[in-house]
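To start, the structure itself, in structure tokens.
Derivation of every value follows stated rules applied to the coordinates shown; laboratory data play no part. These numbers were taken from a predicted model, which means no experiment stands behind them. A quick note on method: Cβ atoms are made from the backbone with ideal geometry, for glycine too, and the neighbour counts reach across all protein chains shown.
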Amino acid sequence: MNTDIVRTFGVDLPIFAFSHCRDVVAAVTNAGGMGVLGAAWMTPAELEMSIDWLERHVGGKPFGVDLVFPGTAVDDEKSPEEYLKAIPQGHLSYVRKMLDDAGLADLAESDTTAYMTEVARHMAMTNRKSRDQFDICLAHPSVSFVVGALGVTPDWVVDQAHAKGVQVGALVGSARHAAKQRNAGVDVLIAQGTEAGGSVGSIASMVLWPQVVEAARGAPVLAAGGVSRGSQILAALATGCQGVWIGSLWLGTAESDLSIEMREKLFAAESEDAQIARVMTGKQGRMLRTKYVENWQKPDAPPLLQWPMQSILNGYSYKRAERARNLDYWTYAVGQVVGDMKGHSTVKGEIERLLNEYVEALEHLQRVTGFE
Ligand SMILES: Cc1cc2nc3c(=O)[nH]c(=O)nc-3n(C[C@H](O)[C@H](O)[C@H](O)COP(=O)(O)O)c2cc1C
């Protein structure tokens, strides 16, 4: 698996791991892959602390940070309180009644406001915040990869990253987006199929990966969406990708910051339970189907709010669900590989399994094709 991208980043394995959880990022990096910290919802101060922590835990190895660059149409001045005011009372009442009917204890009014304000403080995504986060990344030489999750990467990101020798990546869900990101100067494309957890497009990985490889015009492509087995890594390399980018699989590991109950809720799910909906953010994404998601899809449900108001509103129900230990009224971004995630594991254990399966798949391929 000694692909060019392994040499570019000076890692041992072309296994890239997206996670919001710094323990997962450190564990993947220490196992020879490259952890990429999902930091879009962190305040700049939290990002700085997480990078400092990672630097103390990865012994000089490189790692990445994933941000959102929102573009020009974003109101830089809105306070968390203003976001809260933009959530109609009817929407809050709808969620409150849904949880009351299910018998989940309510939060105190003051806790509700305090908690939702806190969620709003994290969810607010402004250009100013992205710039501050980006500056923090560039000030730390161990951050050798900055990835943009949504939209075409702005010039200032590419120019400033390149001036510091930092590689720029972008998630894409179609060959058209891949071409746009290449024109914007992005170095590494992450071709994310619709099987993935989180914000997704509609093209499946098996179709998308080779299309993005073609559109990349020689730039390295990482295969994302639906990777949880070593044989799929082999398939990704066969389509011309240089490595894989995995997100959902790490949610089931001991290093994940999900509670044991949340992890077990995922282990009980099958692939078809990872459903596309707009409930989590107001934008299309793949998430675990629960009663919460189903209720929002009923005809009497109010129209979903725009991002980030829908996410802030969900913060209220998740807190109630968590306190009541009733995860039917919680949901989480997860991909179709959830059907393969059946028990507790560790990051190191998962990487060893992926490598063993990769070798088995390679040997199988040699046997069935007779090609040595
Ligand atoms: C819980 C979760 C949250 C995610 N959040 C983000 C995000 O904030 N930014 C981003 O670029 N990708 C995000 N993703 C998508 C991942 O980067 C990755 O592309 C995807 O998980 C790969 O497919 P898989 O889930 O089948 O492994 C998220 C994925 C999951 C599972």
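Okay, here's what the table says:
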item	result
Computed FRET value (nearest 0.05) for Glu360 with Ser202, which takes r as the C-beta separation and R₀ as 35 Å	0.65
Mean-position separation - Cα centroids, region 308-353 and region 27-43, in angstrom	18 Å
Separation of alpha-carbon centers, region 1-25 and region 158-229, rounded to whole Å	15 Å
Using alpha-carbon coordinates, inclination of helix 127-138 to the longest axis of the chain, degrees	40 degrees
DSSP-defined antiparallel bridges as percent of all bridges, the chain, nearest 5	20 percent
Dipole-positive endmost among Val68, Val28, Leu47 within region 1-69 (Cβ charges, Cα centre)	Val28
Built amide H within the under 5 Å cut-off of Asp66, gap 5+	Leu37, Gly38, Ala39, Val147
Trypsin sites (Lys or Arg not before Pro) within region 55-115: DSSP coil, no more than 13 neighbouring Cβ in 10 Å	none
Low-density loop cleavage sites - chymotrypsin sites (Phe, Trp or Tyr not before Pro) in region 320-372, where at most 16 other Cβ are within 10 Å (DSSP)	Phe371
Global geometry of region 113-224, whether rounded, prolate or oblate, following the gyration tensor of its Cα atoms and the 1.5 cut on a/c	oblate
